[in-house]
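For reference, the structure is listed below as structure tokens.
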Amino acid sequence: MKTISFTKMVGAGNDFIVMDAPLKFNLKKLAIAVCDRTNGIGADGLLIFDKSKKADYKMRIINADGSEAEMCGNGARCMAVYIAQNKKPTKKLFTLETLAGKILCEEKQEIAQIRLSDPKDYKENISLTIHNKKLNVSFINTGVPHAVIYVDNLNKINIRELGRIIRYHKAFAPKGTNVNFVEQINDKLIANRTYERGVEDETKACGTGSVACAIITYLKLNPEMTNKKNATMNVKTKSGEILKISFDLINEKIKNVWLKGSAKIIAKGDYNYV
């Protein structure tokens, strides 16, 4: 049995276990063990803090099923708070290396904001047939792939069933996609529920999913807009917290994407790993 120090954190409803590298373990097996909500600590994912040659710090993201993710918005915000409180960065804004590229982080009193890598692969009007019904789906990669579907009554959607079907749909093969269901409340606020790839279930929030929904909603509401500084959209997550998203639209390209919300440490301890 090995004892590993850990910190448990939550960002807008997403919970994570944070550990420092180097860890001489199989990270896939470790993530599955620690994220188990009965026999482990319980979390949506495992975040590994490490040194970087490309940025100020480095983060690896291991999902609850053991797969490694390119990016996690709420996880990165949690890591920003973890770094600010434990590593004493000398910069107000510091960089974090991820598989999706370098992101910029800032923390102030357990409110963390990050600037994500620029979104890519935006597609509209993808037609899917699910249970003999046509669905109109949008898609964008905000560090990880996200499908976005608009619905009239968000609370009545079977997220687990429908999300899983779309997550594995051939239209998004071979890597699959996260799946977001969105209800528009007004021009500045939407509600979102997400089936997360790697967790393989609905989570209480999804940072990159909230960003995907915010950007696509703004573009749909403003189809003639080609340039806009500091476009904003708020996203209400399943946890009830509202995440704030802002970005620039420059010659129809999305740039300077920021995600802001709470992130806090809720527990520290030692995990006995067999």
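The values are calculated or read from the model by the stated rules, or taken from the named source; none is laboratory data. Nothing here was measured: the structure is a model prediction, and the numbers come from that model. Please note: Cβ atoms are built from the backbone with ideal geometry, for glycine as well, and neighbour counts cover all protein chains shown.
Within region 100-122, which residues are among the acidic types (Asp, Glu), out of contact with any helix residue (DSSP H, G or I) (no Cβ under 9 Å at 6 or more places or on another chain) and farther than 14 Å from SER246 by Cα?
Once the filter is applied, which keeps residues that are among the acidic types (Asp, Glu), out of contact with any helix residue (DSSP H, G or I) (no Cβ under 9 Å at 6 or more places or on another chain) and farther than 14 Å from SER246 by Cα, region 100-122 yields only ASP121.
List the pairs whose first member sits in region 41-56 and is in the same structural domain as VAL199 (by TED's automatic domain parsing) and closer than 8 Å to ILE17 by Cα, whose second member is part of a loop (DSSP other than H, G, I, E, B) and modelled with pLDDT under 95, and whose Cβ atoms are under 8 Å apart, counting only residues at least 6 apart or on separate chains?
From region 41-56, no pairs qualify.
Is there a residue being within 22 Å of THR237 (Cα to Cα) and assigned to a strand (DSSP E or B) anywhere in region 86-97?
No, region 86-97 contains no residue that is within 22 Å of THR237 (Cα to Cα) and assigned to a strand (DSSP E or B).
For LEU243, state whether it is closer than 25 Å to ASN153 by Cβ, modelled with pLDDT of 95 or more and surrounded by fewer than 19 Cβ atoms within 10 Å (Cβ to Cβ).
no
Give the residue that is nearest to GLY269 (Cα to Cα), with candidates limited to residues of region 32-66 that are crowded, with 17+ Cβ neighbours inside 10 Å and small (Gly, Ala, Ser).
Among residues in region 32-66 that are crowded, with 17+ Cβ neighbours inside 10 Å and small (Gly, Ala, Ser), the one nearest to GLY269 (Cα to Cα) is GLY40.
Taking region 141-161, which residues are surrounded by 14 or more Cβ atoms within 10 Å (Cβ to Cβ) and farther than 23 Å from GLY73 by Cα?
Across region 141-161, the qualifying residues are VAL151, ILE157.
Only one of (1) surrounded by fewer than 21 Cβ atoms within 10 Å (Cβ to Cβ); (2) under 21 Å from VAL211 (Cβ atoms) is not met by ASN86, so which one is it?
The number of the failed condition is (2).
Which one of ALA212, ALA267 is at pLDDT 95 or above and either in contact with a helix residue (DSSP H, G or I) (Cβ under 6 Å, 6 or more places away or on another chain) or under 30 Å from LYS2 (Cα atoms) (or both)?
Just one listed residue meets the conditions, ALA267.
Name every residue in region 152-192 that is of a type in the set (D, E, K, R), in contact with a Leu (Cβ under 7 Å, 6 or more places away or on another chain) and assigned to a loop (DSSP other than H, G, I, E, B), in order of residue number.
Correct list: ASP187 only.
Collect the residues in region 202-240 that are over 16 Å from LYS120 (Cα atoms), aliphatic (A, V, I, L, M) and within 14 Å of the chain's Cα centre (by Cα), keeping them in residue-number order.
Answer for region 202-240, where residues must be over 16 Å from LYS120 (Cα atoms), aliphatic (A, V, I, L, M) and within 14 Å of the chain's Cα centre (by Cα): ALA205, VAL235.
List the pairs whose first member sits in region 207-235 and is at positive phi, whose second member is of a type in the set (S, T, N, Q), and whose Cβ atoms are under 8 Å apart, counting only residues at least 6 apart or on separate chains?
Every condition considered, the pairs that remain are ASN230/SER246.
Which one of the conditions (1) surrounded by 22 or more Cβ atoms within 10 Å (Cβ to Cβ); (2) out of contact with any Cys (no Cβ under 8 Å at 6 or more places or on another chain); (3) not in a loop (DSSP other than H, G, I, E, B) does GLU106 fail to meet, given that it meets all the rest?
(1)
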